[in-house]
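First the structure, in the form of C-alpha cells, and then the observations on it.
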Amino acid sequence: MSFSSTLARLPHFESLPEEVKISLEQIAICQTFSEDQVIYLEGEPAKSVYLLEKGWVKAVRLSRKGREQAVLVLSAVDLFGDVALFTTGFYPGTVIALEDSLVWALPSLRLMERIERYPQLAQAFLRHLAFRILHHLQLVEDLSLRSVEARLARTLARYAENVDEQWIVPRRPWATYDAMAVRLGTVRDVLSRALKTLEGKGLLRVEKHQIVLLQPQELAEYEG
C-alpha cells in the first residue's frame, strides 16, 4: 500500500487537496517495526510524526515505581507522535509495536514547513488533536468514575469487529489478561473477575480465540 492510499483512510486527512497529499508523500519514509520493538521513548526529541499503516502499537507512561499505564492502543490507520510536535518538542510517552507494524515517518521540521504552508493541513491536525483530547477526557472519566467492569465493557465494545454478523474481539497474541489489565488501570485478578461477571450477566461469551459480544449496545453503555 502507498502513502497516499494510507493517508486517504485517515479520518480528517482524507479530503486534503491533492497538492498537499503529494507534498506529504515527498517527505514520507517507510519504516517497519517488529513485535515489542520500541518506536520512540518518552522524553526523546520528537524527530518525526508517524502514520500507522499496518499493525497495532501502544503508547505508555511509567510511574516512578515502574508501573506501566497504557495511554493509547492504536490500530491502523492512525497518527501518533503529533502531540509533541505542537507542545514541548519531546515525546510525552513511549510507543511500542504490539505486533509487526508498518509506519510512515514524517520528519518534524519538514512537516512543520508544510503545516505553515497549507492551512488545510493545519486544520486537519487541529481536528485530529481535538478528538485525541476527547479520548483522554474519556480515559480520565473512566478511571475516576467507573468500575473495572464498566471500563472493561466499554473497551470491548469500542474495539469489537463485525464478523459474519457477529460482534467479536479477537484474542490477539499480545492481548493477554496482564496487558488488558494495564490498559484498564487494574490488575489481572480483578480483570478476570470483571470478565466473568459480564459473562454471567449474558453480555458476552469468552471463547478460546475471541470474545463474542452478545449485547454490544448494553456493553457500550454499561455502568455496572
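The values are calculated or read from the model by the stated rules, or taken from the named source; none is laboratory data. These numbers come from a predicted model, not from an experiment. Backbone-built Cβ (ideal geometry, glycine too); neighbour counts: all protein chains shown.
Which of the residues spanning segment 178-204 are in contact (Cβ under 8 Å) with a residue 24 or more places away in the chain, in contact with an Asp or Glu (Cβ under 7 Å, 6 or more places away or on another chain), over 17 Å from Arg61 (Cβ atoms) and of a type outside the set (S, T, N, Q)?
Scanning segment 178-204 gives Ala194, Leu198, Leu203.
I'd like to check which helices (runs of 4 or more DSSP H) are fully inside segment 133-224 and have at least 2 residues that are of a type in the set (Gly, Ala, Ser).
Passing ranges, in order: 148-159, 177-184, 188-200.
In this structure, is Trp104 more than 16 Å from Leu51 (Cα to Cα), assigned to a strand (DSSP E or B) and not small (Gly, Ala, Ser)?
When the stated conditions are applied, Trp104 does not pass them.
Between residues in segment 16-36 that are farther than 19 Å from Val57 by Cα and residues that are charged (D, E, K, R) and part of a helix (DSSP H, G or I), which pairs lie under 7 Å by C-beta distance while being six or more apart or on different chains?
Ser23/Arg114; Leu24/Arg114; Ile27/Arg110
Taking the options Val49, Val77, name whichever one is under 14 Å from the mean Cα position of the chain (by Cα) and assigned by TED's automatic domain parsing to the domain that holds Arg9.
That would be Val77, the only listed residue that is under 14 Å from the mean Cα position of the chain (by Cα) and assigned by TED's automatic domain parsing to the domain that holds Arg9.
Residue-wise test of (1) in contact with a helix residue (DSSP H, G or I) (Cβ under 6 Å, 6 or more places away or on another chain); (2) assigned by TED's automatic domain parsing to the domain that holds Val140; (3) part of a strand (DSSP E or B).
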{"site": "Glu42", "(1), (2), (3)": "no, yes, no"}
{"site": "Glu53", "(1), (2), (3)": "yes, yes, yes"}
{"site": "Lys58", "(1), (2), (3)": "no, yes, yes"}
{"site": "Arg64", "(1), (2), (3)": "no, yes, no"}
{"site": "Leu72", "(1), (2), (3)": "no, yes, yes"}
{"site": "Ala84", "(1), (2), (3)": "no, yes, no"}
{"site": "Thr87", "(1), (2), (3)": "no, yes, no"}
{"site": "Val95", "(1), (2), (3)": "no, yes, yes"}
{"site": "Glu99", "(1), (2), (3)": "no, yes, no"}
